[in-house]
1. Can you give the extra length, in nm with one decimal, that the chain gains between Lys88 and Ile123 once fully stretched, where that is 0.36 nm per residue apart less the Cα-Cα distance?
2. What is the local net charge at Asp121, summed over the other residues whose Cβ is closer than 13 Å to its Cβ (Lys, Arg +1; Asp, Glu -1)?
3. For region 18-163, what is the charge dipole size about the Cα centre, in debye to the nearest 20, if Lys and Arg each add +1 at the Cβ and Asp and Glu each add -1 at the Cβ?
4. Given that just one value was derived from the coordinates, which of (1) 1.26; (2) 0.96; (3) 1.08 is Rg/Rh (Cα atoms, Kirkwood Rh)?
5. As I understand it, the value is the acute angle between the Cα axis of helix 2-14 and the longest principal axis of the Cα atoms of the chain; what does it come to in degrees, rounded to 10?
6. Name the aspartates and glutamates eligible as straight-distance cross-link partners of Lys65: C-alpha to C-alpha under 15 Å, and not fewer than 8 places from it in the same chain.
7. Considering only DSSP states other than H, G, I, E and B, which trypsin sites (Lys or Arg not before Pro) in region 68-155 qualify as loop sites with at most 16 other Cβ atoms within 10 Å?
8. Just from its helices, what would the mean residue ellipticity at 222 nm be for the chain, if runs of 4 or more DSSP H residues each count -39500 (n - 2.57) and the sum is divided by every residue, rounded to the nearest 500 deg cm²/dmol?
Amino acid sequence: MRYSLFLIILIIACAQNASVEVGINDGAILNGTYGDISVHFTRIEIFQNGSYTDLWNGSNNVNFKINSENFCSITMNYVPVPPGSYRKLRVTIDSLSYVEEGKKTVLLDSSYQFIASAFTDLIIEENGEYRFVINANTTTWFDPDSIKIKNGHQPFENASLKLFYQ
């Protein structure tokens with residue numbers, strides 16, 4: 001009996017998760033001179049072993065500056081994730097707007113999914129705390145002069161994923 005209890009405790013102790021916080025920025029060096037993008041996030045899924053599994057479900061409105069490297073949290077806290085190698089997140093939003101000087105222009109008002117992909121494996125080790133950052137890459141799909149999504153483009157087109165270091 002003692003051996004069984006010890007084995008159960010050992011298995012539980014060895015099955016440690018890591019923690020990640022997921023955020024967004026626009027990864028450029030112009031320090032947010034074009035206003036903000038406002039996004040209502042509802043779900044983040046992580047790709048591993050050939051399929052997507054839920055990483056975070058919730059409701060969070062996030063404003064981030066266009067062309068700024070500031071980390072803006074989507075998950076608001078660290079969430080558990082199994083150790084492993086990751087390359088993709090699938091993100092679900094239900095609204096997207098442009099905000100400048102208090103004026104909000106709706107760009108999208110329906111459920112929409114996009115994929116943020118890493119250029120290389122993001123290695124997550126047991127008991128580690130990490131920050132994943134999605135680079136929105138607005139220069140590809142958003143035109144701040146016309147305040148519209150560029151013709152022939154989709155929101156978050158070419159969004160990238162990387163580890164965020166402070």
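We did not get these values from a lab; they are worked out from the coordinates using the rules stated. In this text, all values refer to a predicted model and were calculated from it rather than measured experimentally. Neighbour counts are summed over all protein chains in view; Cβ atoms, including those assigned to glycine, are modelled from backbone coordinates with ideal geometry.
1. Full extension from Lys88 to Ile123 adds 11.4 nm.
2. Charge balance in the 13 Å sphere: +2.
3. 220 debye
4. (3)
5. 20 degrees
6. Cross-link targets: Asp26, Asp36, Glu100, Glu101, Asp143.
7. Answer by residue number: Lys150.
8. Helix contribution divided over all residues of the chain: -3000 deg cm²/dmol.
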